[in-house]
Every structure is written in structure tokens, then in C-alpha cells.
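Colleague: Just dropping this structure here.
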Amino acid sequence: MLNKLLYMETFGCQMNVNDSERIVTMLADLGYGPTNDPASADMILLNTCSVRGGAEEKVYRRLANLRIYKRDGKKQIIAVGGCVAQQEGEELLRKLPYLDLVIGTHNLHLLPDLVRGAERGERRSETSFIDNDQRLDLFPSITGESRLSRFVTVMQGCDNFCSYCIVPFVRGREISRRSADILNEVRQLADDGVREVILLGQNVNSYGLKAGNEPTFAELVRQVADIDGIDRIRFTTSHPKDMSDELIACFGDVPKLSGQIHLPAQSGSDAVLGLMGRGYTRDSYLDKIYKLKALRPDIVVTGDIIVGFPGETEQDFEQTLSLMEKVRYIDLFSFVYSPRPGTKAAELRDDMPRAVKMARLDRLMELQRFHTREISTTYVGNVMTVLVEGEGKLPGQVSGKGDIGRIVNFTGDISLVGSFVDVKIIKAYPNSFLGEI
Ligand code: SF4
């Protein structure tokens, strides 16, 4: 019975969103039901992200705001999970006397015991890394309410140590989940009515590379495609250096594989890619894009770019803009470089004025807005197959994602939910389409 209330805030990547769903399911077993009101909550949990600079301060500020709900002796548990919890650990408990729990990225399975302890007044921090096969049994599996599109975690962690990135330090070593467990979960999801799966991992396409007895990621995609009931497959996040010809070939002959790929370049300059330790060059990145487009001419690409990396010259930045011209991203997540504690790049001299970094970001985003508009308008008048997932933006509308991963709103009956519908695109917006059946 749900007789206690849980207030949660989730920051950062899809891995955190997935972990938060898992937390909700585990705490429901302890009687916690979700609430949007921190004042009435018996437990407050922040699932945090530390990818960007200022992540720690943001968490401390948010906790300072939330502590007001824990006064006058009110028995309320305050907990922090995710990457800032992993990074700060005991330090958080030491600095914040009103904080009860710190749960690291490898320790979610301990949450029920930790919460029971906190209900008895214990304060605990659990941030040990589990870098052995025990972790194979700790992967999140089906959680949360049933939906038509579900994330399926296939691997965790990262061994790439890009010079600017904190993820390997807070998510631990790469580990590939047993393919048998993944396929069983996907079959279960198909039985539950799920039509689309999104294979998830920090470096999803390095799946199986270090697990000798597991299939390659390309083979795994084909095995998932063989499962009846699953009609669409996506995956995120890919690393360009692990974008094998075998995987690229899947975009040519696996019809269930969606025509959309997220392939973070981070920079268009070899000099900057070298400083970042990305493990590929501008040309090898473009080569993969050209191969993808040759096999799947209607494929759309999204990406990530960091501007203002230490040592980035105006020429380097121009290289990034020209890479964008060649790739034509439909969407791009762009950030100003921010040093992260413990990373190699944090030791680099970073004397570029903030104004220069922000000006480069503005120019980049302006070019991207132009590309997004240009690409999106090419769909107007065309028909797109949409998996209807629920109500649309306006009354009488339903919505869902087309093959390229963009939301389409159109007038239609709610009974269409769960079915694939051919929709004619009549208007393109920056992040969605308006259509008609
Ligand atoms: S591949 Fe690089 S950027 Fe991506 S998570 Fe790993 S270290 Fe970070």
C-alpha cells in the first residue's frame, strides 16, 4: 500500500531518467507513492548529473532550498543520487547535516535497505564502484508504467576517458549486459504491448567489444529486430569511433531500425579532437556520415558540439562550422566547454575569454537553427509513419514520433494510440510537425 510520499527531481541524461523510473518502482515496494509537492513528501530525492560545470553548486543550492521542508522536527528523508552523489560521496553528508542518504551510480540496488535505515534515523553514503560480474545482475530491467516506447539499458559506464568528461569517473567501467537478459526483456516488453525499444548506454555501440562471449552491437540490433511485436528500434548514445561498417550496414537492411542516429562529433577540428582524446578524425567522422547517408538517404543525424575548448582557435571553430555544413544535423546539442574536476582537460590552460566562447556558441546555434529549418521544411507535403503514443498538443489531437524521432501532432481519435498511422506533414516547427491523417 502506498502510504508515504516521494518527491523526486531528475537531472541530466537518459540513463538518469531510467534510473529514476527504477527508483520509483523500488520505493513503491516500500510504500512510497509519487508527489509533486516537496512540502508533503516523506522523502525527497534528487537524481543528479555532473556533466557540466557548476553541477555541484547547483545541487547544494537546490538542497538548501529543499531543507526548509524538513523543519519543526518533521520526519522527512532527504537523499541525493546520480553522478554528483557519486562524485561528492561522504563530503555531502559532512557538509549538509540535514541530508540523510547519498547513493552512488552503482548502488541503486541497495536503496530499499538504505531507506529503511534512514526511516530509523540512520545517515548513510554508499558510493562504492562494482566493477565485476556482479554488476551483470544489477542492470535496471522493466520499470514504471507501461508505455509504447521503452528504453532498454544494454551497457553502462565508459572507458574512453575523453579529456573533458567526468562520466568515466562517476559511472565506472564499461560493462555489457548479457544479451540473453536484454532479449528476454525485449520479448517481455513486446508481450506487454511495447512497439518501440530504444537501446541505451553511455557508449551503446561499444556493446560486446569487451565481453568476448556476447554478440557485437550490430548483431544485437539484428537479434532485437527478430522479435515479433517490436516494430521500431532506436539506440543512443553512439561513439563515432565504434560506428563499425557492420553497424552502418544495419541502416541499409534492418527496416525496423529508425532513420535517425545521434552521433556526437564534439568538434570539427582534428587539433581539438586530439586534445579531447576522442579517438577519431574529422575525415573518419565524415566518412561514417557519408556511408550512413549512402545506405539510408533519408537518415537524419543529431549531434553534440563543445565550443570554446582550451586551445580552440578561430580556424578550429571554422572547422566545426564547416563540419556542420557537410553533415547537416537536424538537431544539435551545443555547449560551452566547462572544466570538470579530475579530468585531463581541467589541467589545460583555458585563457579564452568567456565572451569569445559565448559568441562562438551564438554563431553555431544560429547556423544550426538555419539547418533545422531547412531540413524540417523538406518534410512538408510528405507522408510520415507515426507511432501514436498519446494525446497531442491541442484538444482533439493525438501525437507520436515519426521514423526520424520527431513529434508529430495531428487531429485524430485517442483510439489510435498504439498504432502506426500514415500522416501527411502540413507544417514544420523547430522541434515538431503538424500533420493530418
Ligand atoms: S565517450 Fe567520452 S564523452 Fe562520452 S561518456 Fe565516455 S568519456 Fe564521456
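The values are calculated or read from the model by the stated rules, or taken from the named source; none is laboratory data. Because the structure is a prediction, the values reported are computed rather than measured. Glycine also receives a Cβ, built like all others from the backbone with ideal geometry; neighbour counts cover every protein chain displayed. The accessibility values were calculated without ligands, DNA or RNA, using every heavy atom of the protein model including side chains. Shrake-Rupley method; radii C 1.70, N 1.55, O 1.52, S 1.80 Å.
Colleague: Please state the shape class of the stretch 4-126: rounded when a/c is under 1.5, otherwise prolate if a/b exceeds b/c and oblate if not, all from the C-alpha gyration tensor. Spell out each step's value before the answer.
Modeller: Values: a/c = 1.35, a/b = 1.13, b/c = 1.19.
Rounded is the answer for the stretch 4-126, as its axis ratio a/c remains below 1.5.
Colleague: Only Lys, Arg, Asp and Glu count, each charged at its Cβ (+1, +1, -1, -1), so figure out the dipole size of the stretch 290-378 about its Cα centre, rounded to 20 debye.
Modeller: 280
Colleague: Go through the stretch 173-183 residue by residue and turn each phi into a ³J(HN,Hα) via Karplus (6.51, -1.76, 1.60, θ = phi - 60°); whole Hz please, and just put x for glycine and proline.
Modeller: 6, 5, 9, 9, 5, 4, 5, 4, 5, 4, 5
Colleague: Now for a different question. For Lys70, give me every one of the lysines with a C-alpha distance below 27 angstrom, ignoring sequence neighbours fewer than eight places off in its own chain.
Modeller: By straight Cα distance, Lys70 reaches Lys4, Lys58, Lys95.
Colleague: Can you give me the relative contact order of the chain as a percent, contacts being Cα pairs under 8 Å and 6 or more apart?
Modeller: Computed over the chain, the figure is 9 percent.
Colleague: If you don't mind, another one. What is the sum of charges around Arg123, taking Lys and Arg as +1, Asp and Glu as -1, for the other residues whose C-beta is under 11 Å from the C-beta of Arg123?
Modeller: Net charge in that neighbourhood comes out at 0.
Colleague: Give me the distance between the Cα centres of the stretch 300-358 and the stretch 181-251, rounded to whole Å.
Modeller: Their Cα centres are 30 Å away from one another.
Colleague: For the stretch 191-250, build the charge dipole from Cβ charges (+1 Lys, Arg; -1 Asp, Glu) around the Cα centre, then report which of Ala218, Val204, Gly229 sits farthest towards its positive end.
Modeller: Going by the charge dipole, the pick is Val204.
Colleague: Quick one: grab the alpha carbon gyration tensor of the stretch 1-52, order the square roots of its eigenvalues as a ≥ b ≥ c, and give me rounded if a/c is under 1.5, else prolate or oblate depending on whether a/b is larger than b/c.
Modeller: On the way: a/c = 3.41, a/b = 1.67, b/c = 2.04.
It is oblate, given that a/c is not under 1.5 and a/b is not larger than b/c.
Colleague: For Gly229, enumerate residues with amide H under 5 Å from its amide H, sequence gap 5+ or separate chain, H modeled in the peptide plane.
Modeller: So Gly229 has HN proximity to no qualifying residue.
Colleague: Using θ = phi - 60° and the Karplus relation 6.51 cos²θ - 1.76 cosθ + 1.60, list the HN-Hα couplings for the stretch 323-328 in order, rounded to whole Hz, with x at every Gly or Pro.
Modeller: 5, 4, 4, 7, 7, 6
Colleague: Let me have the relative contact order for the stretch 383-436, percent, based on Cα pairs under 8 Å that are six or more residues apart. Provide the component values of the computation, followed by the final result.
Modeller: Values: 127 pairs, mean separation 19.3, N = 54.
It comes to 36 percent, rounded to a whole number.
Colleague: Now for a separate question. What accessible area per residue, rounded to a whole number of Å², is obtained for the stretch 54-97 using a probe radius of 1.4 Å?
Modeller: Roughly 53 Å² per residue, with all protein chains present.
Colleague: Which percent, to the nearest 5, of DSSP beta bridges fully inside the chain are antiparallel?
Modeller: 30
Colleague: Using a 1.4 Å probe over the heavy atoms of the protein chains, calculate the carbon and sulfur portion of the accessible area of the chain as a whole percent.
Modeller: Its accessible area is 53 percent carbon and sulfur atoms.
Colleague: Using only the alpha carbons of the chain, what is the convex hull's orientation-averaged projected area in square nanometres?
Modeller: 21.8
Colleague: Counting alpha carbon pairs within less than 8 Å and at least 6 residues apart, what relative contact order, in whole percent, applies to the stretch 343-409?
Modeller: Answer for the stretch 343-409 is 17 percent.
Colleague: Please work through the chain and write down the cysteines that have no neighbouring cysteine Cβ at a distance under 4.7 Å.
Modeller: Lone cysteines by the Cβ rule: Cys13, Cys49, Cys83, Cys158, Cys250.
Colleague: ³J(HN,Hα) across the stretch 290-295 via Karplus (A = 6.51, B = -1.76, C = 1.60, θ = phi - 60°), whole Hz, x for Gly/Pro?
Modeller: The phi angles translate into 5, 5, 4, 6, 5, 7 Hz.
Colleague: Amide H to amide H under 5 Å from Thr153: which residues, 5+ apart in sequence or cross-chain, H placed 1.01 Å off N in plane?
Modeller: Leu200
Colleague: Could you please put Arg147, Arg349 in sequence from largest to smallest accessible area, using a 1.4 Å probe?
Modeller: The ordering from most to least exposed comes out as Arg349, Arg147.
Colleague: Measure out, as a whole number of angstrom, how far apart the alpha-carbon centroids of the stretch 46-111 and the stretch 147-164 sit.
Modeller: 23
Colleague: While we're here: Over the stretch 146-258, average the accessible area per residue using a 1.4 Å probe and give it in Å², no decimals.
Modeller: Heavy-atom accessible area per residue stands at 34 Å².
Colleague: Would you work out the charge dipole size for the chain about its Cα centre, treating the Cβ of every Lys and Arg as +1 and the Cβ of every Asp and Glu as -1, and quote it to the nearest 20 debye?
Modeller: That gives a dipole near 940 debye.
Colleague: Would you mind putting 40-48, 186-194, 323-331 in packing order, based on average other-beta-carbon counts within 10 Å, highest first?
Modeller: 40-48, 323-331, 186-194
Colleague: I would also like to ask the following. Nearest 20 debye, what's the magnitude of the dipole of the stretch 1-144 about its Cα centre given +1 on Lys and Arg Cβ and -1 on Asp and Glu Cβ?
Modeller: Numbers: 18 positive and 20 negative charges, 124 e Å.
The dipole magnitude comes to about 600 debye.
Colleague: Next question, about the same structure. Hey, which lysines would be in cross-link range of Lys241, C-alpha to C-alpha under 30 Å, not counting anything within fewer than 8 residues on its own chain?
Modeller: Candidates past the 8-residue exclusion: Lys210, Lys256, Lys288, Lys291, Lys293, Lys326, Lys344, Lys357, Lys401.
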